[in-house]
Each structure stands twice: as structure tokens, then as C-alpha cells.
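The values are calculated or read from the model by the stated rules, or taken from the named source; none is laboratory data. Given the structure is predicted, the values throughout are model-derived calculations rather than measurements. Glycine gets a Cβ as well: all are built from the backbone with ideal geometry, and neighbour counts include every protein chain shown.
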Amino acid sequence: MKALLIGATGSTGKFLLNELIQDDDYTSVTIFVRRPTGRSHPKLSEHVIDFSNLNQYSEHITGDVLFSCLGTTLKEAGSQENQWKIDFEIPATFAAIARQNRVNSLVLVSSADASPKSRIFYSRMKGELETAITELDFGQYIIFRPGPLLREGSDRAGEKIMVKTLDFFNGIGLLKNYKPLPTELLAMKLAKAPWKLPQGTSIVKLQEISAF
């Protein structure tokens, strides 16, 4: 199986790239990045691209399964407009090109509270992305909805506080739907998903990921 990956340098994507390279079920892995990663492997093809003009790279967006892990935070994006471009517009456009090129499967990292009707910007954005990709009619469409992610070496103070708070509530049996999930574990589950799940649309929620 030939894999495509966007978000390969992110907190989840970097682990997913390792999983895909090491997995014998994947014969090749093609990543699309803004700057060179320095990675080298016989199975790996790297394209340094301008994400604001994806159509010029359409000839390279071919394969069997697209893994979509691209995303950022509002703080890093600087505005909701910029975050929308990164978290919605790029993945949606990339998915559309992949489908035009007859890529059959798409695996999307979404959010636990994703809903196009949400009043929360982030959750609504993720929900609208899920819907936009649904309309592309992939043969196999797998949506992962993890809760907060435990990022290796994270220096985000707010994230550390959130994790400690959730760990406390989880310890007394509360907020289990928001249990922090290590990005490395999520990456392992993402890599195996196309093989374990059927054709059609599958939604893998947080409480199902660990047992997946």
C-alpha cells in the first residue's frame, strides 16, 4: 500500500511517519512539507511544497491512503483566519485532489468534540472539515476523534496544566472522554487503521482508540 502524509513534522505526524516507514504493509511513504526534514529512507519520498498552491503538485498526490494530521493551535497561527487556512483549507483541498486522483482511503485526525454546529470555533472547524471530506466520497474514510494529546517534550504551560487537571479528574472517575492520549500511541493506531477497519466511514472515538 502506498501512503501519503500531510502533517509529517507535527507532534503526531512525526511518530506516524516512523510507523509507516517501519510497517512492511506500506511499500512507500510520500510526505508533503514546507521545509526539508532531513529524513532519508528507501521507502520515503519528500516533497517540499507551497501549501497555498496545492494544485501544482497534484501529480504527486497519488497513492492508496492519505493520512491527514495537519493542524496548529490558535496561538501558533496568530488568528482564527490563519488557523482556518491550516486546519481546514489545506486538508480539505489536499483531500479533494487526492480523491480526484483516485486515492481510495483517507485517515483524518479530528477532535473529540468536532461538530459543524458547535459554538466553539475549533470544534466547529474540525466538524466542518469532517463534513467536507465526507462529501468527497472516499471508499474508506476513517475519522479519529482523540481528546487532549500528550505531546512529547511539550513546553506549553497551558497544556501541562490541562493534562494535570484531567489526570486528577480521570483519577476520580470523571471526564474520561477527555483522557489525555500520547501522540505516539495515536500514531500507532492511525497506521493500522486502514487494515483493521472496513470500507465506508468509521469514527474512532477516544474511548475506543486504546482498545483499537
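Quick check on the range 44-55. Is at least one of its residues under 18 Å from Leu106 (Cα atoms) and either over 19 Å from the mean Cα position of the chain (by Cα) or without any contact (Cβ under 8 Å) to a residue 60 or more places away in the chain (or both)?
yes
Rundown of residues vs (1) part of a loop (DSSP other than H, G, I, E, B); (2) within 17 Å of Gly71 (Cβ to Cβ); (3) modelled with pLDDT under 95, yes/no style:
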| site | (1), (2), (3) |
| --- | --- |
| Arg124 | no, yes, no |
| Phe138 | yes, no, no |
| Ile142 | no, yes, no |
| Gly147 | yes, yes, yes |
| Glu152 | yes, yes, yes |
| Leu166 | no, no, yes |
| Lys192 | no, no, no |
| Thr201 | no, no, no |
